[in-house]
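Contents: one structure, followed by commentary.
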Amino acid sequence: MCGIVGYIGNENGVSKVLEGLSRLEYRGYDSAGISYKENSDLKVVKKEGKLTNLESLVSEIKANAVVGHTRWATHGEVNDINAHPHGNDLFSVVHNGIIENAFELKKELKEQGEVFHSQTDSEVFLVLLTKNFKAEKNIKSAVLKTFSQVTGNSSFVILPRDEDNIYAIKRSAPLVCGKNDSGDQLFASSDPYALIGFVENIFFPGEEILCFLSKENKRVEFFDIEGNPSENYQSDKSRKDLKVETKEGFDHFMLKEIYEQPKLINNIAKIYETEYQELKNIKLEDIETINIIGCGTAWHAGLCMRNMFETELKKKVNVELASEFRYRKPYLTNKDMGLFISQSGETADTIACTELCKELGLKLGSILNVKDSTLNRLCDENMMIHAGQEIGVASTKAFTMQVIVGHFLMRLFQGKNPAKEFEKELEVLKNRVQGILDAPELIKKIANSIHSYKGFIFTGRNKYFPIALEGALKLKEIAYVHAEGYAAGELKHGPIALIDEEMVSICLVGPELYEKTLSNIEEIKARKGKILIVGPEEHDNLEELADWFIPLNFEGFEYFSPIYVNVVMQLLSYYIAREKGTDIDKPRNLAKSVTVE
Ligand code: F6R
């Protein structure tokens, strides 16, 4: 979603801000802009479309104080005017999030004679800030006052005309600040990834803490909402060794990330063996119900955990979509656990559910990739998936690692050492996944044959049902084709009406419930549907049933065969998308980290 980078220092900030914004491109955006100080004036340049459109307009500009933004439209269509920064002669503002009371505030401000140029909620902050400043004559107190007047989860970065400082503040939205060792380069950003290589020190401000990037004092200072100095922030020096990700010879980040999976699978047990051998803050005997909560792919990973949690832990398990859970007034008690799954740790709906569960006194756990995320700070117990930075908008390696770490959590609940328990099966998984990746030709060939069909139905039973959902999600995300996932047994309750010669059914068949799944496929065949079966290489008649067949070796799996099947789904979507010529790493309309509702 929106990306923010602000700079104040003694070098050219324009190039640094553009570089930072380019690193955040993967998060998804539709326009970009910067504001900078020239002599004593604030200038704003912004442009709809890719960052390169903006770069061509500002590449010659040099300035020591700059704020930049990539916008993912929420309020108001995609155009130059709605792009950020929003500025006037006194302030430039960039914003990430949603101002929930923007409509009422805008109405009041208009009645008072204020003029608006854009359709955005963000401009309300600018207009209100300017009004407050004119009354208070002090920038810091005007920023704090304005921030306390807007509701919703947001981060704001403000460049004032009259000071050589930058102000930044957030509420349940991502915001970090950075400083190099000498303090002559100060940054604010929505993501520490934008600051790699620029600074040695990263600061994570607490909620509603004002960050004051002071050029004169060469440091970032922190204030609470009353304006008093605050210690409510965390600092981290370890980020300075991080690297900016490259495609390393692959055509897309997504493909690179798919191919990283064997290495990640190989590493995870070792990491857990040295770093994490027991649950420190949550005990199974204190829990009655486990609520697993996430969005999209993370929700699918949660569905993969449900059966085994119920069977092995003998607990009631709900798997919930965060956007639904937060509003349906679920019955919860302090004997329940909220288990939140999120790659980014910043997904707005997931965070809102975490906050809800916290208020109600639930035990809170997470399965998560980004260490310094909001989710990490909210939960009692955090299980890291160690997938590394995921740049491709469509999640691949994170899903695999979420499912594995979910299994680790199950064993930790049982007081067992997950690294030892799963050592052998992880070895099998790693080798089988490597086998698929080493010989993608069949998948490529099938992608070539099926890419122009009208639609795709993914079916699976039991532990392959979540993979049917995930396979369909991946395909629609990156290939822009209609694809739905169904439980195979549900077909005849409605979706079978869609079957004809133009519809491809991608049927996931494991050794479990084999005969039953086959009968579902027979029903598709009887209706002249096209059939791709992904199923066991040892079989009786799958090839006769199928138009296309991808054989897999299911020997040696107890738990992880769904992950193995899913790698086939990842490659299939990837190669279909290639045939379609879509923007695979940054599919249209999507954002990597969905930080607004
Ligand atoms: C799909 C995808 C999304 C995310 C979802 C949750 O490929 O990436 O469905 O899984 O937006 O994101 P996180 O895991 O960051 O909470």
Expressed as an acute angle from 0 to 90° and rounded to the nearest 10, what is the orientation of the C-alpha long axis of helix 561-580 relative to the principal long axis of the chain?
70 degrees
So for each of 85-94, 260-269, 225-234 I average, over its residues, the number of other beta carbons within 10 Å; can you give me the resulting order with the highest mean first?
85-94, 260-269, 225-234
Check the straight Cα-Cα distances from Lys179 and name the aspartates and glutamates below 12 Å, setting aside those fewer than 8 residues away within the same chain.
Glu200, Glu221, Asp236
For the chain, calculate the relative contact order in percent as a whole number, restricting contacts to Cα pairs under 8 Å that are 6 or more residues apart.
12 percent
Lysines within cross-link reach of Lys525: Cα-Cα under 22 Å, excluding same-chain residues under 8 positions apart?
Lys445, Lys454, Lys492, Lys516
Charged-residue dipole, Cβ positions (Lys, Arg, Asp, Glu), the chain about Cα centre, Debye nearest 20
380 debye
Return the ratio Rg/(2.2 N^0.38 Å) for segment 3-237, where Rg is computed over Cα atoms only.
0.91
Taking the simple approach of a point 7 Å from Cα along Cα-to-Cβ for both Gln389 and Val115, what is their distance in nm?
4.3 nm
Ordering of 444-453, 181-190 by burial proxy (mean other Cβ atoms within 10 Å per residue, highest first)
181-190, 444-453
Using the alpha carbon gyration tensor of the chain, what are the three equivalent-ellipsoid semi-axes (square root of 5 times each eigenvalue), largest first, in whole Å?
45, 26, 22
When the dipole is taken about the Cα centre of segment 439-597, and only Lys, Arg (+1) and Asp, Glu (-1) are charged at their Cβ, what size is it in debye, to the nearest 20?
660 debye
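Determine the equivalent ellipsoid of segment 233-277 by diagonalising the alpha-carbon gyration tensor, then write out the semi-axes as square roots of 5 times the eigenvalues, largest first, rounded to whole Å.
For segment 233-277, the ellipsoid semi-axes come out as 25, 20, 7 Å.
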Using only Cα atoms, figure out Rg for segment 207-304 and give it as a multiple of 2.2 N^0.38 Å.
1.68
Considering only DSSP beta bridges with both partners in the chain, what is the antiparallel share in %, to the nearest 5?
60 percent
Sequence ranges 384-393, 494-503, 516-525, ranked by mean other-Cβ count within 10 angstrom, highest first
384-393, 516-525, 494-503
Along each principal axis of its Cα atoms, how long is segment 439-597 end to end? Whole angstroms, biggest number first, please.
45, 36, 34
Spacing of the two label points (7 Å from each Cα toward its C-beta) at Ala135 and Glu100, in nm
2.3 nm
Which whole-Hz ³J(HN,Hα) couplings does segment 200-215 yield from phi under the Karplus relation 6.51 cos²θ - 1.76 cosθ + 1.60, θ = phi - 60°, glycine and proline marked x?
9, 10, 10, 10, 10, x, x, 5, 6, 9, 7, 9, 10, 8, 9, 5
In order over segment 436-451: 3J(HN,Hα) from phi, Karplus 6.51/-1.76/1.60, θ = phi - 60°, whole Hz, x for each Gly or Pro, gives 4, 5, 6, 10, x, 4, 4, 5, 4, 5, 5, 4, 5, 6, 9, 4
Dipole of the chain (Lys/Arg Cβ +1, Asp/Glu Cβ -1, origin at the Cα centre): which of Leu255, Gly206, Ser452 lies farthest to the positive side?
Gly206
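Pairs of Cα atoms under 8 Å, at least six residues apart: use those to get the relative contact order of segment 1-135, whole percent.
This gives 26 percent for segment 1-135.
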Identify, among Val143, Val66, Tyr486, the residue whose Cα sits farthest towards the positive end of the charge dipole of the chain, taking +1 on the Cβ of Lys and Arg and -1 on the Cβ of Asp and Glu, with the dipole about the Cα centre.
Val143
Determine the distance separating the Cα centre of segment 1-27 from the Cα centre of segment 461-489; give it in Å without decimals.
37 Å
Below 8 Å, C-alpha to C-alpha, sequence gap of six or more: please give me the relative contact order for segment 3-237 in percent.
19 percent
First select every other residue whose beta carbon is under 14 angstrom from the beta carbon of Ile99; then total the charges, Lys and Arg +1, Asp and Glu -1.
-2
Please arrange His75, His493, His117, His84 by how many other C-beta atoms lie within 10 Å of their C-beta, fewest to most.
His493, His117, His75, His84
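Where does each of Glu257, Glu208 land when they are ranked from fewest to most other beta-carbon atoms within 10 angstrom?
Arranged by neighbour count, lowest to highest, Glu257, Glu208 become Glu208, Glu257.
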Ranked on Cβ counts within 10 Å of their own Cβ, fewest leading, Thr246, Thr595 go Thr246, Thr595
If you plug each phi of segment 520-535 into the Karplus form 6.51 cos²θ - 1.76 cosθ + 1.60 with θ = phi - 60°, what whole-Hz ³J(HN,Hα) values come out, in order, with x for Gly and Pro?
5, 5, 4, 5, 5, 4, 4, 9, 6, x, 7, 10, 10, 9, 10, x
Skipping prolines and chain starts, which residues have an amide H placed within reach, meaning under 5 Å, of the one on Ile367, given they are 5 or more residues away or on another chain?
Phe340, Ile341, Ser342, Met383
Among the aspartates and glutamates, which fall within straight-line cross-link reach of Lys528, defined as a Cα-Cα distance under 12 Å, with same-chain neighbours fewer than 8 residues apart omitted?
Asp500, Glu501, Glu502, Asp547
Considering the options Gly87, Asn541, Ile293, tell which one lies farthest towards the positive end of the dipole of the chain, charges being +1 on Lys and Arg and -1 on Asp and Glu at the Cβ, about the Cα centre.
Gly87
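The numbers here are math on the coordinates, done by the rules we state, and not lab data. Note that the structure is a prediction, hence the values are computed from the model and not measured. Here Cβ is always computed from backbone atoms with ideal geometry, including for glycine, and neighbour counts include all displayed protein chains.
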